[in-house]
1. Can you classify the range 133-184 as rounded, prolate or oblate using the Cα gyration tensor, where a ≥ b ≥ c are the square roots of its eigenvalues, rounded means a/c under 1.5, and otherwise it's prolate if a/b beats b/c and oblate if not?
2. Between residue 154 and residue 30, 0.36 nm times their residue separation minus their Cα-Cα distance comes to what?
3. Between residue 180 and residue 38, how many nm apart are label points set 7 Å from Cα along the C-beta direction?
4. Hey, for a label at residue 116 modelled as a point 7 Å past Cα toward Cβ, could you say which residues of the range 90-109 have their backbone N under 13 Å away?
5. Given the peptides 137-143, 104-110, arrange them by the average over their residues of other C-beta atoms within 10 Å, most packed first.
6. What length, rounded to one decimal in nm, is gained on full extension from residue 146 through to residue 12, with 0.36 nm per residue of separation minus their alpha-carbon distance?
7. Between residue 99 and residue 166, what is the label-to-label distance in nm when each label sits 7 Å out along the Cα-to-Cβ direction?
């Protein structure tokens, strides 16, 4: 008579149990090998001499940081007074033509007010191009030297002469007062 066939799941279970049994036997044999290699408990063991601690004065100290830092005797410089907030074009926010929440477009310009009739909007020169053109014309008429123009532009950090001033038109009044004085 033949032996009954086992199911596949039964064979897999038997295989897994066998593998676990063999792994446990290998582990036990490895532990026995390690224990045999160790000296007996009652055997004399050589002691390692203790290393004396380093004197505290020889240890370099890190600079004081955070909560352990010395209190600062200098006071923080005061922030300069902020002028009106400008957008990327150099225009101040204007309630008559800009969004009430003072939001800006991706380019950094003020968003226009909803429902604004562009024809009825006040004539605004947001870039300050009118002031720039007037400055250039005055420089031409009064025959201002190039060195004086460059010195006035250096005051605000503009490079590239008057052409560089186009990129930062908000500085036109500052450059004008540097060239022609406060009375301008």
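Any read-out appearing in this document is the output of simple, stated calculations on the displayed coordinates, not a laboratory observation. Because the structure is a prediction, the values reported are computed rather than measured. All Cβ positions, glycine included, derive from the backbone under ideal geometry; neighbour counts span all protein chains shown.
1. It is rounded, given that a/c, with a ≥ b ≥ c, falls under 1.5.
2. So the chain would gain 36.6 nm between residue 154 and residue 30.
3. Computed distance between label sites residue 180 and residue 38 equals 9.6 nm.
4. Inside the label zone: 91-105, 109.
5. Result, highest mean first: 104-110, 137-143.
6. 38.9 nm
7. A separation of 3.0 nm, rounded to one decimal place.
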